[in-house]
Amino acid sequence: MRLEILSSRKKKPLGAGWIGPVLFRQVDGIHGETPDGELIDFYTSFRALLRARLALAHLLDPHPRTPERWVPLAREYIDIAAKALLKPAIPATR
């Protein structure tokens, strides 16, 4: 599922990977269609970059707890965003 944000360490969702299919069913039920793949990829990258920014914000603290944790975590999120945005385009079929 493209909606879930993956951790490059374990290749598993960070948090609630089950939510993607539930949200897609809800959107499909309300709007009668599943969100476009490009929209999902944009949302995935947006959220991943937000998480990267929040991870790095920990380093703004004068005495951050576990400072060695935040840059690698931010890089993971940036990688996730890049993969979501830089995927080869799949031509639409009609």
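The values are calculated or read from the model by the stated rules, or taken from the named source; none is laboratory data. Everything quoted here is computed from the prediction, not taken from an experiment. Positions of Cβ are generated from backbone atoms using ideal geometry, with glycine treated the same way; all protein chains shown enter the neighbour counts.
The numbered conditions (1) within 14 Å of the chain's Cα centre (by Cα); (2) surrounded by 14 or more Cβ atoms within 10 Å (Cβ to Cβ) are all true for L39 except (2).
Hey, among L54, L60, which residue is surrounded by 13 or more Cβ atoms within 10 Å (Cβ to Cβ) and over 24 Å from K87 (Cα atoms)? Show your work before the answer.
Values: L60 fails: surrounded by 13 or more Cβ atoms within 10 Å (Cβ to Cβ).
When all the criteria are applied, what remains is L54.
Once segment 1-51 is narrowed to residues that are assigned to a helix (DSSP H, G or I), within 13 Å of I78 (Cα to Cα) and among the hydroxyl-bearing types (S, T, Y), the residue that is modelled with the lowest pLDDT is T44. Here K87 meets each of (1) crowded, with 16+ Cβ neighbours inside 10 Å; (2) in contact (Cβ under 8 Å) with a residue 24 or more places away in the chain with one exception, condition (1).
So, in segment 74-89, exactly how many residues are touching a Leu at 6+ places or on another chain (Cβ under 8 Å) and acidic (D, E)? So the count comes out to 0. The single condition among (1) part of a helix (DSSP H, G or I); (2) loosely packed, with under 13 Cβ neighbours inside 10 Å that V71 does not meet is (2).
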